[in-house]
Amino acid sequence: MHDVDCVIAGAGVVGLAIARALALSGREVLVVEQAGAIGTVTSSRNSEVIHAGLYYAPGSLKARLCVEGRARLYAYCREHNVAHARTGKLIVAVEPDQLERLGAIRANAQSCGVGDLEVLTRAQAESLEPALQCAGALLSPSTGIIDSQALMLSLRGDAEAAGASFAFLTSVAGAAIEADGIRIDTRDADGESFALRAGALVNAAGLDAQALASRIEGFPQDRVPPRWLARGNYFSLSGRSPFSRLIYPVPVHGGLGVHLTLDLAGSARFGPDVEWIDSVDYTVDPTRGEAFYDEIRRYWPDLADGALQPAYAGVRPKLSGPGQPAADFMIQGPADHGAGPIVNLFGIESPGLTSSLAIAEHVVELLYPG
């Protein structure tokens, strides 16, 4: 049986960041990924936004890791020539009665360590973005966008340069906590099984994190939280975008509303919305675009009929369901579950991409404190 210091299940952006951090710390790392390439699921089905960290509960993991991760991510992009842009974002109140909510967002952001938000009057906001219609706005200058695929390729390259190995088309069929380590049984695409012994296991399986944890013999199953699935549908804009910044309405329950984001080529897309589903399904219902028009025209009244095209969908691995308060990230270390050197990452939805480098350092510290 082959021995390895650490096995990471999942080669999304968070798993890749953790692999890099562990390999750079001198650990022998094997990343097991059931798909044939890196980042094919949640990491490639999002808005590619570098979030500032405005909306999360002060003191939460999301707040702390987003703010820390954003700083790390911008630095990493500069140092590794990963394409990105600090576009800035406008959070807009479309009605005067929403202006108070902008004040609450600003106060919350300050409590999370984000002190650069600027309050804009209607005239100031509309002078920055002439196509915009609003009652007022907040400007977040530290929000940006990133080429997430380029980031993941860079993280993988760093990890491999530091000695990490990858096994694609391979899944963790089961695991068992034993006296001398964690036995991990893998299965490849041909159905061939292979067992190895790891000093530590990191469950970064995203949508499958709960299922993987349930397959670990000896792991307390009452420590595995329920999983809720929320599909986010995106629609792209045909034609040139009239906006140079990201535009977000004030948040709605379960998400941040139907917002406008840009890619690095300047093309605009709208979404995600919040659609609760029972199983993972990336089908975009074109008729959902009808509701998008009404939401978008609240801040961009000149959106033309027929300008939106179905683009893609992502599925958020949420820890809270409809009508429940938004849940924090759940990153369980040995002290949380008492089952040995295992870290489970549950509910890593937004801002997981922004937080990825900070999450990685957090996981290293949980496994190897000091």
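The values are calculated or read from the model by the stated rules, or taken from the named source; none is laboratory data. Owing to the predicted nature of the structure, the values given are computational and were not obtained by experimental measurement. Please note: Cβ atoms are built from the backbone with ideal geometry, for glycine as well, and neighbour counts cover all protein chains shown. Surface areas here come from the heavy atoms of the whole protein model, side chains and all, with no ligands, DNA or RNA. Shrake-Rupley method; radii C 1.70, N 1.55, O 1.52, S 1.80 Å.
Scan the stretch 141-169 residue by residue and report those that are assigned to a strand (DSSP E or B), aliphatic (A, V, I, L, M) and within 30 Å of Ala195 (Cα to Cα). Before you say what the answer is, go through the steps one by one.
Filtering the stretch 141-169 for residues assigned to a strand (DSSP E or B) gives 144-146, 165-167.
Checking the rest, the ones that are also aliphatic (A, V, I, L, M) come to 145-146, 167.
Residue satisfying the conditions is Ala167 alone.
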* Structure fact -> Of the residues in the stretch 170-187, those that are part of a strand (DSSP E or B) and either open to solvent by less than 40 Å² (accessible area, probe 1.4 Å) or modelled with pLDDT under 95 (or both) number 11
* Asked: Restricting the first residue to the stretch 260-272 and requiring it to be in contact (Cβ under 8 Å) with a residue 12 or more places away in the chain, which pairs with a second residue that is basic (Lys, Arg) meet a Cβ separation below 6 Å and a spacing of at least six or different chains?
  -> Thr261/Arg269
* Identify the residue in the stretch 77-94 that is outside any loop (DSSP other than H, G, I, E, B) and basic (Lys, Arg) and, among all such residues, is farthest from Ser142 (Cα to Cα). => Arg78
* Filter the stretch 81-95 down to residues that are open to solvent by 70 Å² or more (accessible area, probe 1.4 Å) and modelled with pLDDT of 95 or more and give me whichever is nearest to the chain's Cα centre (by Cα). => Arg86
* Structure fact -> Note on the stretch 323-370: residues touching a Pro at 6+ places or on another chain (Cβ under 9 Å) and acidic (Asp, Glu) are Glu349
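Scanning the stretch 145-169 for residues that are closer than 23 Å to Asn81 by Cα and over 21 Å from the mean Cα position of the chain (by Cα), which turns out surrounded by the most Cβ atoms within 10 Å (Cβ to Cβ)? Don't jump to the end; show me each part of the working.
Looking only at the stretch 145-169, we keep the residues that are closer than 23 Å to Asn81 by Cα, and these are 145-164.
If we keep only those that are over 21 Å from the mean Cα position of the chain (by Cα) too, we end up with 160-164.
Numbers: Glu160: 16, Ala161: 11, Ala162: 17, Gly163: 13, Ala164: 24.
Selected residue: Ala164.
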* Asked: Cβ-Cβ below 7 Å, separation at least six or inter-chain, first residue in the stretch 353-370 and closer than 11 Å to Leu65 by Cβ and open to solvent by less than 10 Å² (accessible area, probe 1.4 Å), second among the charged types (D, E, K, R) and in a helix (DSSP H, G or I): which pairs?
  -> Thr354/Arg70; Ala358/Glu68; Ala358/Arg72; Ala360/Arg20
* For the stretch 195-215, how many residues meet the condition of being farther than 24 Å from Arg20 by Cβ and either at pLDDT below 95 or of a type in the set (A, V, I, L, M) (or both)? -> 2
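Out of Val29, Val14, Val41, I need the residue that is in contact with a Cys (Cβ under 7 Å, 6 or more places away or on another chain) and in contact (Cβ under 8 Å) with a residue 60 or more places away in the chain. Which one? It would help to see each step written out before you state the result.
Working: Val14 fails: in contact with a Cys (Cβ under 7 Å, 6 or more places away or on another chain); Val41 fails: in contact with a Cys (Cβ under 7 Å, 6 or more places away or on another chain).
Only one candidate passes the filter, namely Val29.
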* Candidates Ala57, Ala35 - the one that is in a loop (DSSP other than H, G, I, E, B), more than 17 Å from Phe168 (Cβ to Cβ) and of a type in the set (Gly, Ala, Ser) -> Ala57
* Count, please, the residues in the stretch 57-75 that happen to be in contact with a helix residue (DSSP H, G or I) (Cβ under 7 Å, 6 or more places away or on another chain) and surrounded by fewer than 21 Cβ atoms within 10 Å (Cβ to Cβ). => 4
* Tell me which of these Val14 doesn't satisfy, since it passes every other one: (1) part of a loop (DSSP other than H, G, I, E, B); (2) under 23 Å from Tyr312 (Cα atoms); (3) hydrophobic (A, V, I, L, M, F, W, C). => (1)
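When you scan the stretch 270-283, do you find a residue that is in a loop (DSSP other than H, G, I, E, B), within 21 Å of Leu303 (Cβ to Cβ) and either open to solvent by less than 10 Å² (accessible area, probe 1.4 Å) or modelled with pLDDT of 95 or more (or both), even just one?
yes
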* Asked: Quick one: is Leu138 part of a helix (DSSP H, G or I), in contact (Cβ under 8 Å) with a residue 40 or more places away in the chain and either out of contact with any strand residue (DSSP E or B) (no Cβ under 6 Å at 6 or more places or on another chain) or buried (at least 17 other Cβ atoms within 10 Å of the Cβ) (or both)?
  -> no
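Within the stretch 118-127, can one find any residue that is surrounded by 20 or more Cβ atoms within 10 Å (Cβ to Cβ) and within 30 Å of Ile38 (Cα to Cα)? Before the answer, list the steps.
Pass one, the stretch 118-127, residues surrounded by 20 or more Cβ atoms within 10 Å (Cβ to Cβ): 120, 125.
Then drop every residue that is not within 30 Å of Ile38 (Cα to Cα), which leaves none.
Looking for residues that are surrounded by 20 or more Cβ atoms within 10 Å (Cβ to Cβ) and within 30 Å of Ile38 (Cα to Cα), one finds none in the stretch 118-127, hence no.
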